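J.: Have a look at this one before I ask anything.
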Amino acid sequence: MPDVIPNASTFLIAQISDLHLKAGGKPSYGVVDTLAALRRAVEHLNASQPRPDVVLISGDLVDFGHPDEYAVLRPELQRLAMPCYLVPGNHDDRAHLLAAFADHAYLPQSPEAPLDWVVDSHPVRLIGLDTTIPGSHGGQLQDSQLRWLDAQLALRPQVPTVLILHHPPFISGIGHMDREPFRNAAALEWLIGGHPQVERLLCGHLHRAIQRRFAGSLSCVCPGVSHQIVLDLQPGAPAHFNLEPPGYLLHHWHAEHGLVTHTGVFGEYPGPYPFYDGNGLID
């Protein structure tokens with residue numbers, strides 16, 4: 001894979017999330033072929049023009065954190081034609097993740113602490129944050145993590161930076177996902193407010209494209225690679241998913257124009273069709 005030039009004027013980041021891979025060809029929740037969905041996503045990203053410079057995966061890499069699930073995941077991600085960077089989600093297991101991806105040098109070596117990391121080799125600085133609480137569905141950043149993040153951001157205040165974390169630090173309105181909210185979102189928001197170089201907080205967990213302003217930055221939730229959480233904002237709505245088109249986010253950095261985020265979908269659809277022919281706009 002070609003090296004990325006740190007001072008390049010453009011940089012293209014693909015974000016995928018919530019792979020929920022299972023072992024033995026077992027469908028997730030008895031319905032979803034998550035392995036086929038991931039393979040379709042990898043093929044799509046590899047064939048994209050221009051091709052993304054990196055892929056960020058914002059958690060829930062597998063479904064139950066089992067070693068055999070990571071054993072299925074690893075060769076699939078090795079098919080990516082560009083570097084990928086991982087953060088865990090509440091479905092992941094730190095120790096098993098690290099064992100499977102021991103060659104990912106940016107990851108910490110010990111599963112005894114959160115798997116936070118920083119990569120400084122690209123035009124956009126990447127900081128991964130482990131928001132998981134072992135045994136819990138919800139998320140948080142420990143006080144020690146907030147201090148570490150504050151120190152890291154203070155080191156390079158002029159460099160555009162994105163944070164990658166599984167749990168969105170806000171209430172979405174989807175009740176069953178909000179029951180265990182990000183525990184100290186206000187502390188994170190106060191911290192980010194002091195570091196205006198933070199261009200995005202890139203999240204997963206909610207299986208939908210959702211955005212919220214966050215301390216002068218923007219928190220973006222990535223759609224799921226396979227299944228989506230039903231968009232139902234009624235109080236007491238059931239915890240349901242559906243098979244809406246799976247998607248991804250594409251974050252395009254330009255040194256002059258800043259960071260622009262696009263939402264894309266995986267799959268084959270009719271088109272493209274032209275707007276114009278030889279006579280102008282088609283009537």
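J.: When segment 79-95 is examined, which residues are found to be farther than 21 Å from Phe11 by Cα and in contact with a strand residue (DSSP E or B) (Cβ under 9 Å, 6 or more places away or on another chain)?
T.: Pro88, Gly89, Asn90, His91, Asp92, Asp93, Arg94, listed by residue number.
J.: Being closer than 17 Å to Val32 by Cα, loosely packed, with under 15 Cβ neighbours inside 10 Å and in contact (Cβ under 8 Å) with a residue 40 or more places away in the chain is the filter here, so list the residues in segment 224-256 that pass it.
T.: Ala239, Leu243 - these are the residues of segment 224-256 that are closer than 17 Å to Val32 by Cα, loosely packed, with under 15 Cβ neighbours inside 10 Å and in contact (Cβ under 8 Å) with a residue 40 or more places away in the chain.
J.: I'd like to verify a number: residues in segment 171-214 that are more than 14 Å from Thr161 (Cα to Cα) and part of a loop (DSSP other than H, G, I, E, B), how many?
T.: So the count comes out to 16.
J.: So, of the residues in segment 164-202 that are over 13 Å from Ser217 (Cα atoms) and charged (D, E, K, R), which turns out to be surrounded by the fewest Cβ atoms within 10 Å (Cβ to Cβ)?
T.: Arg179
J.: Condition test on Ala151, is it surrounded by fewer than 21 Cβ atoms within 10 Å (Cβ to Cβ) and over 20 Å from the mean Cα position of the chain (by Cα)?
T.: Yes; evaluated as a whole, the condition is true for this residue.
J.: Can you find a residue that is in contact with a helix residue (DSSP H, G or I) (Cβ under 8 Å, 6 or more places away or on another chain), in contact (Cβ under 8 Å) with a residue 40 or more places away in the chain and under 30 Å from Gln234 (Cβ atoms) anywhere in segment 133-150?
T.: no
J.: Sticking with this one: Looking at Leu218, is it within 11 Å of the chain's Cα centre (by Cα) and over 21 Å from Asn90 (Cβ atoms)? Talk me through it step by step, then tell me what you get.
T.: Numbers: within 11 Å of the chain's Cα centre (by Cα): no; over 21 Å from Asn90 (Cβ atoms): yes.
No; evaluated as a whole, the condition is false for this residue.
J.: Report, by residue number, each residue of segment 166-190 that is among the hydrophobic types (A, V, I, L, M, F, W, C) and in contact with a helix residue (DSSP H, G or I) (Cβ under 9 Å, 6 or more places away or on another chain).
T.: The answer is Phe170, Ile171, Phe182, Ala187, Leu188.
J.: Against the definition (of a type in the set (Val, Ile, Thr), in a loop (DSSP other than H, G, I, E, B), modelled with pLDDT of 95 or more and out of contact with any Gly (no Cβ under 6 Å at 6 or more places or on another chain)), how does Ile127 come out, yes or no? I'd like the intermediate steps shown before the answer.
T.: Details: of a type in the set (Val, Ile, Thr): yes; in a loop (DSSP other than H, G, I, E, B): no; modelled with pLDDT of 95 or more: yes; out of contact with any Gly (no Cβ under 6 Å at 6 or more places or on another chain): yes.
Against the criterion (of a type in the set (Val, Ile, Thr), in a loop (DSSP other than H, G, I, E, B), modelled with pLDDT of 95 or more and out of contact with any Gly (no Cβ under 6 Å at 6 or more places or on another chain)), Ile127 does not qualify.
J.: Shifting gears a bit: Going by the conditions given, is Leu61 closer than 24 Å to Arg147 by Cβ, in contact with a strand residue (DSSP E or B) (Cβ under 8 Å, 6 or more places away or on another chain) and either basic (Lys, Arg) or touching a residue at least 24 places away in the same chain (Cβ under 8 Å) (or both)?
T.: So Leu61 fails the test.
J.: May I pose another question? Suppose we filter segment 134-170 for residues that are farther than 22 Å from Ala95 by Cα and either in a loop (DSSP other than H, G, I, E, B) or modelled with pLDDT under 95 (or both); how many remain?
T.: Total meeting the criteria: 8.
Conditions (1) under 15 Å from Arg200 (Cβ atoms); (2) touching a strand residue (DSSP E or B) at 6+ places or on another chain (Cβ under 7 Å); (3) part of a loop (DSSP other than H, G, I, E, B), marked per residue:
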site: Val225; (1), (2), (3): no, yes, yes
site: Leu231; (1), (2), (3): no, no, yes
site: Pro238; (1), (2), (3): no, no, yes
site: Leu249; (1), (2), (3): yes, yes, no
site: Trp253; (1), (2), (3): yes, yes, no
site: Thr263; (1), (2), (3): yes, yes, no
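The values are calculated or read from the model by the stated rules, or taken from the named source; none is laboratory data. Small disclaimer: the values here were computed from a predicted structure and weren't measured. Positions of Cβ are backbone-derived with ideal geometry, glycine not excepted, and every protein chain shown enters the neighbour counts.
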